[in-house]
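Each remark here refers to the structure printed beneath this line.
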Amino acid sequence: CIRSSKISSSQSNTFDSAMLQPVVLDKYPNAAISRSGTAFPDGVELFCMPNGMKISQDYQMPSFFTFMTTSGTGEHLYGSCLRVFEPLVEGVAKKLGAKDVELYIPKCLCIISKLPFVDGFRDFLNYC
């Protein structure tokens, strides 16, 4: 689950130009290395938010996309992602100077696998 971290002080009065840093909020398994011996890939948040993260006044429909990454040992990992937009918490919106405007922030749900089960992962993510 990928979402923004924090907004810097230089962006505290405007949401139009606020570019946010994506961070991993949660993962399963929680360990750095899974039982199968696969390490959680570094920089996965950049694959999940390839165009960066911006606060938007416009609601956008969920979008599904995939990516593949290769480790230094040649192991392929496949990512299936669903990007959704959630309403920004009212208190944060006020800090950004938004009055009487609903703001949305992107969030990405991602499944990372050694196997490219794209259709199954898409069905699962769309069901959530």
Worksheet entry | Yes/no for LEU82 being in a helix (DSSP H, G or I), open to solvent by less than 30 Å² (accessible area, probe 1.4 Å) and under 20 Å from MET61 (Cβ atoms) | no
Fill in: Residues satisfying the stated conditions in the stretch 69-79, i.e. assigned to a strand (DSSP E or B), open to solvent by less than 50 Å² (accessible area, probe 1.4 Å) and either of a type outside the set (A, V, I, L, M) or under 23 Å from SER56 (Cβ atoms) (or both)
THR69, GLY79
Discussion item. Conditions first: (1) open to solvent by 90 Å² or more (accessible area, probe 1.4 Å); (2) aliphatic (A, V, I, L, M); (3) touching a residue at least 60 places away in the same chain (Cβ under 8 Å). MET61 passes all but one, so which condition is the exception?
Written reply: (3)
Worksheet item: So ALA39 fits all but one of (1) in contact with a strand residue (DSSP E or B) (Cβ under 8 Å, 6 or more places away or on another chain); (2) open to solvent by 40 Å² or more (accessible area, probe 1.4 Å); (3) at pLDDT 90 or above; what number is the exception?
Response: (3)
Item to complete: Among the candidates LEU88, LEU125, single out the residue that is surrounded by 17 or more Cβ atoms within 10 Å (Cβ to Cβ), aliphatic (A, V, I, L, M) and closer than 17 Å to LYS54 by Cβ.
Response: LEU88
Discussion item. Under 9 Å between Cβ atoms, which residue pairs at least 6 apart in sequence (or on different chains) link something in the stretch 30-43 that is under 17 Å from HIS76 (Cβ atoms) with a partner that is of a type in the set (Val, Ile, Thr) and at pLDDT 80 or above?
Written reply: THR38/ILE112; PHE40/VAL24; PHE40/ILE112; PRO41/THR69; PRO41/ILE112; GLY43/THR69
Fill in: Hey, LYS94 over 27 Å from TYR127 (Cβ atoms), basic (Lys, Arg), open to solvent by 40 Å² or more (accessible area, probe 1.4 Å) and in contact with a strand residue (DSSP E or B) (Cβ under 8 Å, 6 or more places away or on another chain) or not
no
Discussion item. Can you confirm whether LEU115 is touching a residue at least 60 places away in the same chain (Cβ under 8 Å) and of a type in the set (A, V, I, L, M, F, W, C)?
Written reply: no
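Do the conditions hold for THR66, that is, is it within 20 Å of LEU46 (Cα to Cα), open to solvent by 60 Å² or more (accessible area, probe 1.4 Å) and in contact with a His (Cβ under 8 Å, 6 or more places away or on another chain)? Full working, then the answer.
On the way: within 20 Å of LEU46 (Cα to Cα): yes; open to solvent by 60 Å² or more (accessible area, probe 1.4 Å): yes; in contact with a His (Cβ under 8 Å, 6 or more places away or on another chain): no.
So THR66 fails the test.
The values are calculated or read from the model by the stated rules, or taken from the named source; none is laboratory data. Computed from a predicted model, the values in this text were never measured in an experiment. FYI the Cβ positions are ideal-geometry reconstructions off the backbone, even for glycines, and counts take in every protein chain you see. Only protein heavy atoms, including side chains, enter the accessible area calculation; ligands, DNA and RNA are left aside. Shrake-Rupley method; radii C 1.70, N 1.55, O 1.52, S 1.80 Å.
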